[in-house]
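Read through the structure below, which is laid out as structure tokens, and then see the notes.
Please treat every number below as a calculation from the coordinates, not as lab data. Everything numeric here is computed off the predicted structure, so don't read it as measured data. Counting neighbours? That spans all protein chains shown, and the Cβs are built from the backbone with ideal geometry, glycine included.
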Amino acid sequence: MKLLSFLLIILIIFNFTNLNSEENNDKIKNKISKNIRCLICQGQSVYDSESDFAVSIKLIIDKKLDEGLNENEIYDFLKKQYGEWISYDPEFNKKTFILWILPILLFFIGGAIILRKFLVKKL
Amino acid sequence: MLAHQIGYYSLILGFFFSILIIPVSIKNFNNKNKVIDNKVFSISFFQFFFVLVSFSGLILSFVNSDFGNETVFNNSHTTKPLFYKISGTWGNHEGSLLLWLLVLTLFIFIFLIKSNSQPKKYRILTLLFQQVIIIGFFLFLLKTSNPFNYFFPVPKEGLGLNPILQDPALAIHPPILYLGYVGSSIIFSASLAAVVAKHISIVWAKHIKLWIFVSWIFLTFGIMLGSIWAYYELGWGGFWFWDPVENVSLMPWFCLTALLHCILVLEKRSILSSWTIILSIATFMLSMSGTFLVRSGILNSVHTFANDPERGIFILIFLFILILLSLVIFFVFHKENDQKIVKINWLSKEASILFNNWFLMYFLSVVLIGTVYPIFLEVLSSKKISVGPPFYYKLMIPFLIPFLFFMSIGPNLNWIKSEFKKIKIQIVLSFAVSLLISFIILNQIGFVGLINSILILVTFYLFFITIKDFFLKKYKNYSQIFSHFGFSLLILSILFNSILSSEKTINLKVGEEFSFRDETVIFESIESVKNKNYKSIVGNFKIKDKKNNFLQLKPELRIYNQPVIITSEADIKTTLYYDKFLVMNLVKDYEYFNVRYQVKPFMIWIWIATVILVIGGFLSLFQRPYEK
Amino acid sequence: MKNKIILSVLVLFFTFCFIVLYKGLNNSNIYVPETKIEKTLIKFNSTDLYSGNKISSDQIFIGSEYYVLNIWASWCIPCRAEHSKLIKLSENKSIKLIGLNYRDNPKNAKKFINEFGDPYFMIIKDNQGMISVDLGAIGVPETFIINKDKKIIKRFLGSLTEKSLNEINLITK
């Protein structure tokens, strides 16, 4: 019963989408600029920074969106120009797989240790 | 000048006393008396007293603008308001370390006088371990970061304090945070001492619990203040940036929160002793690593201290000495005192606390690995990458769902064992209520993604279960109910805040206006105002809503005189439902301003929820241990 | 026995961390994107600062062995210090010195040139900073050496120095 209503809710949720396109464009733009790191004030994202570089990058994002590039293509473009460092979202590749896998691996190891506590036979 | 010298010589005297404690307490350790010698108390008091005098000396040098003192010269200015002259004392590397030292010496003194009921050997060992840390800090301070360097000729003017640090929240944020960090040092020393003195018991758990809760309260509150500061001062309306400096305060928090739950199991059932010790050690080690990462400048962050590799090397070596020391002590002295292996029933309070620890350790590992991985990668393969918000969201948000679920169920289980059948109908009912509420809400706001939807559901579940517990539960543990309720409120406000926030950025000239949703924002005029240590350009904005109600917002651009830095001060109108956030920025050729207008729902609730969370911790200090 | 193994593994692990962090301390924490040498320029369009005529990159990079492209702006303080070096550089006849005026007010830019002299063969405008991003530049001032195949062969971040002038002269000999 519980499960059923649960599935129901998910199904219904999936049927909603009501964002007008202009706002949608703004949202994507903000999202991208939050995920791009500023090269001048290196602790901040482009979104949070007002340096000239950040302002240019924001304009570039606008222009590329107008040209019809999607989010990922814009990240790729900026990474090509400035290196992988500029993206706050590290790729999954040979050099970063440990970054992505290790926490999850530790999670499972932790789970195994806890499981052992439950399974110990009574003496 | 006088204050400076008194400060300097008191610091040296303090150091002298901190060395003196060691032989005196070792002598005391070996004699047959049951109680600690009064001498130890007085030396420990003098140690604290002289650091206090030294700290006051530094404050006075700041107040008097004694620019012969290098720290004052670098961080103060005569035109700065008195309040920020004082807070400037700990707004820099040297002064903040002196504050660390002050709290360290204060806490060990409090520990000594408040632990009468504990065995003598344990108390003295704690003191000794704590002295190792204190002496380390003394050496660090005197050798690499002396706050009392005097130079001639004495300059007429100082360099000033970075304006973004001139903020009331930031004035009290560091002291509060340090109380949390340093509290964890007491837990560290005490648990090592308990291992050596074989004093890990229910009595010990009851006694150390107090320190854990106190540190947790300060740490949580300190993090919140930092976050409030970021929201008001850094501009742009964010309150958590996953910046390394923020992460390093979050890591000990995860660890301490895990410890806080774990100690309850030790107190109740006298199991998980090794794990408690590991967590106690790890919490302080993470606080220290945080200090290392922040002060050494190895990481790139918005909040930078003036850094110097020599300092980094010192902390690094000190950190690893402490790690090795605790490893050796743990492995040599610690014997699992309960040789019987205890089986834990999966449907019990201790099991849910284990789950809590499991997830908290996972969150900790995500933040830790995310923060240090770029350093490792760069050293090992000279490739530079950035790890930012998307990484943390991807790895953490899905795991929040089961975490919140266990958090709702756990407190309703019994110690040792619960019967599945006996799980009350109320628990199921609460789930139905939250299902209904989240359904209605999601219906209103539209599709927010599958994971967010489920997250809203389980957070509401926690929310309603804690409300149910508050009114209906037989044995009420108010501390737990408050903090779990606060946590659910926190997650809900963060979720709805991030989902429902909307904003518009636009370039405007004076006299222009723009419409956003059903409001109109009018840029009426600008005026310039002169203040003691800055000039400001104030923008007058009016926001007109559908019903023609007006709201006045006045964001500011401040041009500080010393150092010359332009900051933009947002103007924020806060109500219980939303914050309206307006900030303006200068565009290069001065003709128009870059204006960002944001509507952020439930912003105030993020702070209220955190305060409730802290109140929950606070209540635990007053409540008697509960039954069942 | 088991404890001893765990202890030594942990000690080894922490020693490893120590070494890495120790080495990390010596690395700079400032990121500078590496210059991709031999990168071909992306085509762009711009306008001339003085005449206001539209001009494409193909029309700019024509008729010389080497080009030096200097990004500058009138509001940029280091650019003032750099300007004397550029004037010196303009004596080198084997290069075409092109100024890319970055996000600037044309009036101020012209005033700047009137005041400090004009070393440039031509000045083109980059109102929005797009061309600079296409070049992979991060700020002002920044200077690129471009060869006749429209490839970037050298890049200087920040103000040019005496040393970088010599380097340019050596390369373009």
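Considering helices alone, the calculated mean residue ellipticity of the protein assembly as shown at 222 nm is -19500 deg cm²/dmol, with DSSP H runs of length four and up weighted by -39500 (n - 2.57) and normalised per residue. Roughly speaking, what is the centre-to-centre gap between the range B:341-389 and the range B:523-602 when only Cα atoms are used, to the nearest Å? That distance is 41 Å. Tell me, what is the FRET efficiency for residue B:517 and residue C:77 to the nearest 0.05, using R0 = 60 angstrom and their Cβ-Cβ distance as r? Calculated transfer efficiency: 0.90. Each of B:2, B:177, B:102 was scored by other Cβ atoms within 10 Å of its Cβ. Arranged with the fewest first, they read B:2, B:102, B:177. Label-to-label distance, residue B:156 versus residue A:108, with points set 7 angstrom from Cα along the beta-carbon direction: 7.0 nm. Under the definition of Cα pairs under 8 Å and six or more residues apart, what whole-number percent is the relative contact order of chain B? Averaging sequence separation for qualifying contacts and normalising by length gives 11 percent for chain B. Placing a pseudo-label 7 Å from each Cα along the Cα-to-Cβ vector at residue B:554 and residue B:12 gives an inter-label distance of 5.2 nm. Taking Cβ separations below 4.7 Å as the criterion for a possible disulfide partner, the isolated cysteines in the protein assembly as shown are A:38, A:41, B:255, B:262, C:17. Could you tell me how many degrees, from 0 to 90 and to the nearest 10, lie between the Cα long axis of helix C:106-116 and the main elongation axis, the longest principal axis, of the Cα atoms of chain C? Tilt of helix C:106-116: around 90 degrees.
The Cα center of the range B:69-124 and the Cα center of the range C:116-173 differ in position by 51 Å. Summary of packing: across the peptides B:243-256, B:570-583, the per-residue average of other C-beta atoms within 10 Å ranks them, highest first, as B:243-256, B:570-583.
With R₀ fixed at 35 Å, the C-beta to C-beta distance from residue C:23 to residue C:149 puts the FRET efficiency at about 0.30.
For a distance above 18 Å, tell me the whole-number percent of Cα pairs in the range C:1-119 that qualify. Provide the component values of the computation, followed by the final result.
Numbers: 4857 of 7021 pairs.
The answer is 69 percent, as a whole percent.
Exposure proxy shown here: for B:349, C:150, the number of other Cβ atoms within 10 Å sets the order, fewest to most, as C:150, B:349.
Residue by residue, the range B:511-516 carries 3J(HN,Hα) couplings of x, 7, 8, 9, 10, 9 Hz when phi is fed to the Karplus relation 6.51 cos²θ - 1.76 cosθ + 1.60 (θ = phi - 60°); x denotes Gly or Pro. Of B:29, B:148, the sequence from fewest to most neighbouring Cβ atoms within 10 angstrom is B:29, B:148.
According to the Cα-based calculation, Rg over Rh for the range B:205-398 is 1.00, with Rh computed by the Kirkwood formula.
Where is the GNM fluctuation largest for chain C (alpha-carbon springs, 10 angstrom cutoff): C:58, C:118, C:104? For chain C, modelled as a Gaussian network with Cα springs under 10 Å, the answer is C:58.
How many angstrom lie between the Cα centre of the range C:32-94 and the Cα centre of the range B:482-498? Computed from Cα coordinates, the inter-centre distance equals 54 Å. For the segment C:99-106, counting C-beta atoms of other chains within 10 Å of every residue's C-beta and taking the mean gives 2.
Kindly identify chain B as rounded, prolate or oblate by the Cα gyration tensor criterion: order the square roots of the eigenvalues as a ≥ b ≥ c, call it rounded if a/c is under 1.5, otherwise compare a/b with b/c, prolate if a/b is larger, else oblate.
Working: a/c = 2.12, a/b = 1.10, b/c = 1.93.
It is oblate, given that a/c is not under 1.5 and a/b is not larger than b/c.
Computed extension length for residue B:499-residue B:623: 40.9 nm, one decimal, from 0.36 nm per residue of separation with the Cα-Cα distance subtracted.
Which value results for Rg/Rh of the range B:502-604 when Rg is the Cα radius of gyration and Rh the Kirkwood radius based on the inverse mean 1/r? Before the final figure, lay out each step's value.
Numbers: Rg = 14.0 Å, Rh = 14.2 Å.
Here Rg/Rh amounts to 0.99.
Listed by chain and number, the lysines placed with their C-alpha closer than 28 angstrom to that of residue A:94 are A:31, A:34, A:79, A:80, B:383, B:384, B:394, C:23, C:36, C:39; residues fewer than eight positions away on the same chain are left out. Per-peptide packing, taken as the mean over residues of other Cβ atoms within 10 Å, places B:505-517, B:58-70, B:454-466, C:79-91 in the sequence B:454-466, B:58-70, C:79-91, B:505-517 from highest down. Note on residue C:13 and residue B:467: the model spin-label points, each 7 Å out from Cα along the C-beta direction, lie 4.4 nm apart.
Under the definition of partner shielding as Cβ atoms of other protein chains within 10 Å of a residue Cβ, what is the mean value for peptide C:74-82? Show your work: numbers first, answer last.
Working: counts 2, 3, 2, 0, 0, 0, 0, 0, 0.
Going residue by residue through C:74-82 and averaging, the value is 1.
Computing FRET efficiency as 1/(1 + (r/R0)^6) for residue B:574 and residue B:56, where r is the C-beta to C-beta distance and R0 is 51 Å, gives about 0.90. Neighbours of residue B:537, meaning other residues whose beta-carbon lies under 12 angstrom from its beta-carbon, give a summed charge of +1 when Lys and Arg score +1 and Asp and Glu score -1. For the peptide B:169-175, the mean number of other protein chain Cβ atoms found within 10 angstrom of a residue's Cβ is 0.
What is the ratio of the Cα radius of gyration of the range A:19-89 to 2.2 N^0.38 Å, where N is its residue count, to two decimals?
Details: Rg = 11.4 Å, N = 71, 2.2 N^0.38 = 11.1 Å.
The range A:19-89 yields a ratio of 1.03.
Given the options C:26, C:101, C:70, state which has the largest fluctuation in a GNM of chain C using a 10 Å cut-off (strictly under) for Cα springs. Judging by the Gaussian network model, the answer is C:26. Choose one answer from C:143, C:40, C:15: the residue with the largest mean-square fluctuation in a GNM of chain C with alpha-carbon springs under 10 Å. Per the Cα network of chain C with a 10 Å cutoff, C:15 tops the list.
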